[in-house]
2 protein chains.
Amino acid sequence: MKATLLLTLSALVAGSVHAHLWPIPQTVSLGEGTAFVARNLVLQTNCRHDALQDTIRRYTRLLALGLFQPPTKYNVTSAPTPTTTLRRVTVTVNTCTNVTHPALGDDESYTLRVGEPAANTSANIEAASVWGALRGIETLSQLTYNNLNGDLVVGQLPVSISDKPAYPHRGLLLDTARNFFPVDDIRRTLDAMAYNKFNVFHWHIVDAQSWPVESRFLPALAIRGAYSAAMTYSHDDVAGIIEYARLRGIRVIPEFDMPGHTSVVSNVLPEIMTCVNSQPRWDLDAAEPPSGQLNPLLPRTYEFVEAVVNEYAPLFPDQFFHTGSDEVNTHCWETTPSIRQYLNSTGLTSSDLLATFVNTTQGYLAANRKTGMIWEEAILDFNLTLPQDSVVQVWRSAENVQKVVAKGHRVLANSYEYWYLDCGHGGWLGNNPTGNSWCDPFKHWQRVYSYDPVANITSSAARDLVIGGDVCLWTEQVDTTNLDRTLWPRAAAAAEVLWSGKDANGQPRSAKEALVRIQEQRFRLVSRGIMAEPLQPLWCARNPGMCDLPPPS
Amino acid sequence: MKATLLLTLSALVAGSVHAHLWPIPQTVSLGEGTAFVARNLVLQTNCRHDALQDTIRRYTRLLALGLFQPPTKYNVTSAPTPTTTLRRVTVTVNTCTNVTHPALGDDESYTLRVGEPAANTSANIEAASVWGALRGIETLSQLTYNNLNGDLVVGQLPVSISDKPAYPHRGLLLDTARNFFPVDDIRRTLDAMAYNKFNVFHWHIVDAQSWPVESRFLPALAIRGAYSAAMTYSHDDVAGIIEYARLRGIRVIPEFDMPGHTSVVSNVLPEIMTCVNSQPRWDLDAAEPPSGQLNPLLPRTYEFVEAVVNEYAPLFPDQFFHTGSDEVNTHCWETTPSIRQYLNSTGLTSSDLLATFVNTTQGYLAANRKTGMIWEEAILDFNLTLPQDSVVQVWRSAENVQKVVAKGHRVLANSYEYWYLDCGHGGWLGNNPTGNSWCDPFKHWQRVYSYDPVANITSSAARDLVIGGDVCLWTEQVDTTNLDRTLWPRAAAAAEVLWSGKDANGQPRSAKEALVRIQEQRFRLVSRGIMAEPLQPLWCARNPGMCDLPPPS
C-alpha cells in the first residue's frame, strides 16, 4: 500500500511540483502535506476595499462548493487522510487605499504562505495592493480540490509563493459586433479571465456589421444599428459590466474603430460615409463585407467622431480609449469622387487624410483626458506621428513589434499567427469552394503558449515598452453558442505567457510540463461553470505523459 | 410600399425558391402565399403506430412554441398579413403496419401538399410507411416560422413536394469512449439528427480509453473501464436511447471495435491482451495511446469476443452490428513472443491471424442473426474474405470506395478528408510543438457539402452498392462542453448530401445556393435547443449573397 502511494506521488511530482497552479507563480515552493479546508473557511482582511470584500465573498462561496476534482487525482487510490483543517486565511494589504479602479501598472504582487499541516494550520496572503490580494486569493483557491471522498482539501503544504506579473497589460479582446453576446456571456468571460489572472477586457464593441451599444447623442445608431433591441448594451449594461470587471481587478478598455469598420453608421448618417456596402467587389474597399469608411473631409464627420468620444469616454473610466484605425482602405477614399477631386486639387494623399483624421481624433481623446490606443497600421503603414504616450497594438507579425518599439511607443503584442483564437475554422465567406481562410490554421494551445511578445527584442529599455498583449476573439463564426469553447482553455495559455513570462530560467517554458497544469486548469474552469473544451481524452488527463508525441525512432 | 415588397420578395427568391428547407426535397413547387398556423394545430392520421403518434405529439408542441425566426425575414419590413389560418394537417400512411423498428431500405418517401391560402386551407402528408410520414412532418415544420409579430406562419403556399432519400443509410457516428457524453447529449443529438433526416446513429460505444457501457457477463469491464460509475450507460440507458431513436425513425448500430482499440480490456483481462500501453513508443503498436490488442491465439480471447457479441447483439435490435477491426497493428502481434513463435513455427502471417479473428467473430454475429459491418482495412489491407452481405465502411479515401465496390460489397462511404468533423482542431498529443494533426485542416461546411459518396463510380449497379455513409465525430477533443457546436450545422451538410444527393440535374449542388438554407437550418436548430455554431456574422445571415467571396478581378 505504502509503495503504491509513493510511486503514485512521485509519478505526479515527476511532471511538476507545481501541478496545481495556472498561471504558474514566479517562485514557488511546495511540500507534500495536506489539510482539510473547513467548509466555513474564513478569509479575513485588514482592508475594507469593496473589490476585496466582494472577492472574499465570491471565493468563500466557490470554496464551499468545492466542485473541482483534479483528473490526475483519479488514479491515486490511497491518498493519506489529512489530520488537520485549515479554518482561516489572513489577507493583508499593505496599502489599502480607496482607489476604486485598477489601472495600468498597479502593483499586483503578492506572497502566499500556507503552513505545515498542524492544529493551527494557517494561510497568509500579503499584497502591496488590493489587486495583488485578488491574485493571491485565486492562487490559494487553486491549491484546493475536492478529493474523491467529497472533502475539500488543500494540498502540497507547506506552500510558499512569491508572485507578480511579467506584463502589466494582460488582455482579452472580445468582438461584440460581428455577432452579439448577452451580458451574461461577458460576465462569465470576466469570471474566467480572473481565474487566469487577466486584467484587461478589450471590448471591441462596434464594427461594420452592428452597433450594439446605446447611443444618447444619436439613439438611432443602436436602434437601427444593433441587431435588435434585445441585442443592445444600454449604458447601464456597460456600467454593470465595468463594475463586474472592477470587482475582479479587470480594466475595461473600449474600442470604437474608426474611420474604417464603420459601415453600420450608414444606417443613420449615410452622408458622412464613403463606399458603403460595395457589391460584389467589396474586397476593393474593405477587408470584409460590408465595406464603408467615414469621409475624412466633412465637418459633419468630425462632429460625429467627437460626439462618439464625448459620449463613451466618460462611460468607461479607464485611462485608455482605443480608436481602432486598422485596415483603412485607400481605394475606398480615392474612388469617392469628392475625395478624389480634393486629393487631385491639393496634391495631398490618403495618408494625409488619415493623419488629419487620427490627429483630430487624438485631440478629442485629449480633451477627455484619455490616452489613445490604436492598431499598428496607423504608424507602420501610414507613418503617422502619434502622441508619444499612445499605445500601439500590433497584430500582423512579431517583426512589427520591433518596428513600433523602435519608434519609442508602448506596444501591445498579439500576432494573429499565435493569439487569434477564431482562426482555423475555415473561411466564413459564402461561395468559397475551398473553405479556406487567411488566418488558418487553428491556433492550438501549444501554439498560443509558444508566443513571445518580446521576441528578438534584446535591450531592456525596448522590452519595457512591450506592456503586454491581448489574446483576441473576433466573432464572425462565434456567438453565444460557442463562446466558452472557443476561448477556453486556449486563452489560458496566453494568460500564462503574460503573467508568468514566456521563459523560465532563460529557457522557454516546456509545453510538456505545462500540459498537466493546463489540463487541470481546464477541468477547474469547467467546475466553475466555464464550458472550456477538452484538450485530450479523459484517459490522457488522468495519465499525464502517456499521451505525448513519441520520441523519434 | 408595394414596390418595396416586390423587390424584397424577389431578392429572397433570387437565392432560391426553396429557401426554407433542409435537406432540400427531390421535387418541390412553392408559391408566395402565407397563412397563419393555429397554435392548436391538429395533426390527424389514419395510423396508430406509436412512432407516428409520438412524432405528432412532439411536433405539435414544437409548432406551438413557434420560436424560429428566419434571419432572412428580418429585412422584410412589410410582409402581407395572412388572411387565413391552417388548422389541420392530415397524415396518411398507406401501409400502416405494426413494424416496430426502422430498418435499412425502408420506404421513407412522402408527398406534402399545402393548398392556396383559403378559408379551408389544408395540409396533407402522404407516405408509404410510418417512417416517410415522420420525414414529411419535419418538412412541414420547416415551412413554418415565427414572423416578426410573434405569429406562427406557414409560407410559400401552395406547396407541392414529392420527396425520398438518395441513400438508405444516412448516419452519424459518435464516439463515446475517448470522452463520455451523458444520455441527454445523445438524446439531443438524436433530435438534431431527425431535424436533418438522418436515420442511423452509429454508436462507437467503446474504445481503448474507456468502456462506458454496463456489462452483465463481465461487470468489471465497466466498473473498471468506464471513466466513473456516473459515466456509464446501463442496459436501461441503452434501451432508452434506442427507443428515443426509434420514435424518430433512427436506427442504432453499435460498434464494438476489435481486436485493436481494446486497451481498456486489460483492466480486467490482461491475459488476453498484447502490447498494452506501450510507452513511450506507443506509436509502434497503435494509432493512438493507449496501445493494446486482443491476442488472437487464445481460446479465452474468443470466449470474450463471443460473450461481447452475445451480450450486446440482443440489446441492439438493428440487423447490423459493427465489429470495427480498423487500424489493426501487426507490429504489436509480431513482437509478442508467444505470437511471434507461433508465426515462426507455422509460417502463418498476421493477416492469417486477423482472418481467423474476423471469421470467428462473423460466426458469432451469424449465430445472433446479425449482419456484420466492418472498417475497410480488413478487406483492403488484409485482403480478408467476408460474408458477402457484410457492409464495409470506408474512411481513408474516395478511391477505396471504388475498390470495395469492385469486390461486390455494400459500402458506407465517409472519407475522413470530408466527413471527420473532429479534424482541424490541432493535435491532441502532448509535447507536440507544432500542434499539428494528421487530419488537419478543419472540415468546413462547404467541404463537407462537396463530398460525393459515389465519386468516380459510374455503373448503376456499383452505385447501388454504396448505401450511404456516416458523418463522423471522434471525440479526443470533444465532450459535453463542445458537442453541439462541433457537430452542427456541419453535420447537416452531410445530411443533405445523403438525403438529397450530391447532384441536382446532373450538376453538383451549389454551395452558394445552399448557404441561405443551411444558415436558416442553423438558426432553426438553435431555436430547437441545439447549440449549432454560427457560420457568419448575423449581418450576413440576414443579407444573403452580400458576404460571398468576390468574383475574380
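For chains A and B, what's the summed buried accessible area, probe 1.4 Å, to the nearest 100 square angstrom? Spell out each step's value before the answer.
Numbers: alone 22040 and 22040 Å², together 38910 Å².
Counting both chains, the buried surface is close to 5200 Å².
Between residue A:505 and residue A:397, 0.36 nm times their residue separation minus their Cα-Cα distance comes to what?
Values: separation 108, 0.36 × 108 = 38.88 nm, distance 2.58 nm.
So the chain would gain 36.3 nm between residue A:505 and residue A:397.
Give me the percent of the accessible area of chain B that comes from carbon and sulfur atoms, probe 1.4 Å, all protein chains in place. Mind dumping the intermediate values first?
On the way: 10160 of 19460 Å².
Accessible surface attributable to carbon and sulfur in chain B totals 52 percent.
Are there any residues in the stretch B:383-426 with a reduction of at least 40 Å² in accessible surface when going from the isolated chain to the assembly of protein chains? Probe 1.4 Å, please list them by number.
Residues of the stretch B:383-426 that lose at least 40 Å² of accessible area once the other chains are added: B:425.
How compact and how long is the protein assembly as shown, expressed as Rg and Dmax of its alpha-carbon atoms in Å?
31.0, 95
Using a 7 Å offset from the Cα along the Cα-to-Cβ direction at both residue B:352 and residue B:151, what is the distance between the two label points in nm, to one decimal?
Distance between the two pseudo-spin positions: 7.8 nm.
Treating the beta-carbon of each Lys and Arg as +1 and of each Asp and Glu as -1, no other charges, what is the dipole magnitude of the stretch A:155-208 about its Cα centre, to the nearest 20 debye? It would help to have the intermediate numbers written out before the result.
Details: 6 positive and 6 negative charges, 38 e Å.
It works out to roughly 180 debye.
Find out how many positive minus negative residues lie around residue A:426, taking Lys and Arg as positive, Asp and Glu as negative, among other residues whose Cβ is under 10 Å from that of residue A:426.
Working: positive: B:443, B:447, B:490; negative: A:440.
Local net charge: +2.
Kindly give the distances from residue A:363 to its copy-mates, label point to label point, with each label point 7 Å from Cα along Cα→Cβ, as nm values to one decimal ordered shortest first.
Ordered by distance, the counterparts are at 9.3 nm.
Measuring from label point to label point, each 7 Å out along Cα→Cβ, what is the residue B:116 to residue B:185 span in nm?
5.3
May I ask you to work out the translational diffusion coefficient for the stretch A:484-527 at 37 °C, viscosity 0.692 mPa s, via Stokes-Einstein with Rh from the Kirkwood sum over Cα pairs, reported in whole µm²/s? Don't skip to the answer; put the middle values down first.
Values: Rh = 11.0 Å.
Estimated via Stokes-Einstein, D reaches 297 µm²/s.
What are the residues whose amide H is under 5 Å from the amide H of residue A:422, where those residues sit 5 or more places off or on another chain and H is modelled from the backbone?
Amide H to amide H, under 5 Å and 5 or more residues apart or across chains, residue A:422 pairs with A:474.
Out of residues 5 or more away from residue A:94 or on other chains, whose amide H comes under 5 Å of its own, with H placed 1.01 Å from N in the peptide plane?
Amide H neighbours of residue A:94, under 5 Å, 5+ apart: A:127, A:128, A:129.
Within a Cβ distance under 14 Å of residue A:232, other residues only, what is the Lys/Arg minus Asp/Glu net charge? Intermediate results must be reported in sequence, preceding the final value.
On the way: positive: A:216, A:224; negative: A:214, A:236, A:237.
Result for the neighbourhood of residue A:232: -1.
Got the residue B:32 label distances to the other copies yet, label 7 Å along Cα→Cβ, in nm, shortest first?
Output for residue B:32: 8.1 nm, nearest copy listed first.
Non-local amide H neighbours of residue B:26 (under 5 Å, H modeled in plane, Pro and chain starts lacking H): which ones?
B:164
For residue B:369 and residue B:87, compute 0.36 nm times the residue count separating them, minus their Cα-Cα distance, and round to one decimal in nm. Don't skip to the answer; put the middle values down first.
Values: separation 282, 0.36 × 282 = 101.52 nm, distance 4.67 nm.
Net length gain for the segment: 96.9 nm.
So if I place +1 on the C-beta of Lys and Arg and -1 on the C-beta of Asp and Glu, and nothing else carries charge, what would the dipole magnitude of the protein assembly as shown be about its Cα centre? I want it in debye, nearest 20.
Details: 88 positive and 108 negative charges, 360 e Å.
Magnitude of the dipole: close to 1740 debye.
How many nanometers, to one decimal and shortest first, lie between the label point of residue A:234 and those of its other copies, if labels sit 7 Å from Cα toward Cβ?
Those label-point separations list as 4.9 nm.
Rounded, prolate or oblate for the stretch B:323-401? Axes are the square roots of the Cα gyration tensor eigenvalues, ordered a ≥ b ≥ c, and the cut-off for rounded is a/c under 1.5.
Values: a/c = 2.52, a/b = 1.45, b/c = 1.74.
In terms of gyration-tensor shape, oblate.
Test of the criteria: in the stretch A:338-431, which trypsin sites (Lys or Arg not before Pro) are in a DSSP loop and have at most 10 other Cβ atoms within 10 angstrom of their Cβ? Spell out each step's value before the answer.
Details: sites: A:340, A:369, A:370, A:396, A:403, A:407, A:410; in loops: A:369, A:370, A:396, A:407.
Within the stretch A:338-431, the qualifying trypsin sites (Lys or Arg not before Pro) (loop, at most 10 other Cβ atoms within 10 Å) are A:369.
Over chain A, give the accessible area per residue in Å² for a 1.4 Å probe, as an integer. All intermediate terms of the calculation are to be shown ahead of the outcome.
Details: 19450 Å² over 553 residues.
About 35 Å² of surface per residue is accessible.
With a 1.4 Å probe and all protein chains in place, put A:439, B:96 in order of accessible area, largest first.
Numbers: A:439 5, B:96 60 Å².
From most exposed to least exposed: B:96, A:439.
Could you estimate the translational diffusion coefficient of the stretch B:32-190 from the Stokes-Einstein equation, with Rh from the Kirkwood formula over C-alpha pairs, at 10 °C and 1.306 mPa s, in whole µm²/s?
Details: Rh = 17.1 Å.
Translational diffusion coefficient: 93 µm²/s.
Can you give the FRET efficiency to the nearest 0.05 for residue B:99 and residue B:319, using r as the Cβ-Cβ distance and R₀ = 22 Å?
Working: r = 13 Å, r/R0 = 0.58.
My answer for the efficiency is 0.95.
Can you give me the relative contact order of chain B as a percent, contacts being Cα pairs under 8 Å and 6 or more apart?
Computed value for chain B: 15 percent relative contact order.
Treating only the Cβ atoms of Lys and Arg (+1) and Asp and Glu (-1) as charged, compute the dipole magnitude of the stretch B:255-406 about its Cα centre; round to the nearest 20 debye.
Numbers: 7 positive and 19 negative charges, 51 e Å.
In total the dipole reaches around 240 debye.
Counting other Cβ atoms within 10 Å, keep those with at most 15, restrict to DSSP loop, and tell me which chymotrypsin sites (Phe, Trp or Tyr not before Pro) in the stretch B:413-483 are left.
Details: sites: B:416, B:418, B:419, B:420, B:428, B:438, B:442, B:445, B:449, B:451, B:474; in loops: B:428, B:438, B:442, B:451, B:474.
Those satisfying the criteria are B:438.
Note down the nm distance, to one decimal, between modelled labels 7 Å out along Cα→Cβ at residue A:417 and at residue A:231.
3.5
Quick one: what do you get for chain B if you divide its Cα Rg by 2.2 N^0.38 Å? Please report the intermediate quantities before stating the final value.
Values: Rg = 24.9 Å, N = 553, 2.2 N^0.38 = 24.2 Å.
Against the compact-globule rule of thumb, the ratio is 1.03.
For chain B, can you list the cysteines whose C-beta has no other cysteine C-beta under 4.7 Å from it?
Cys with no partner Cβ under 4.7 Å: B:472.
The values are calculated or read from the model by the stated rules, or taken from the named source; none is laboratory data. Predicted model only: the values in this text are computed from it and were never measured. As a convention, Cβ positions derive from the backbone with ideal geometry for all residues, glycine included, and neighbour counts pool all protein chains shown. Please note that ligands, DNA and RNA were not included when accessible areas were found on the heavy atoms of the full protein model with its side chains. Shrake-Rupley method; radii C 1.70, N 1.55, O 1.52, S 1.80 Å.
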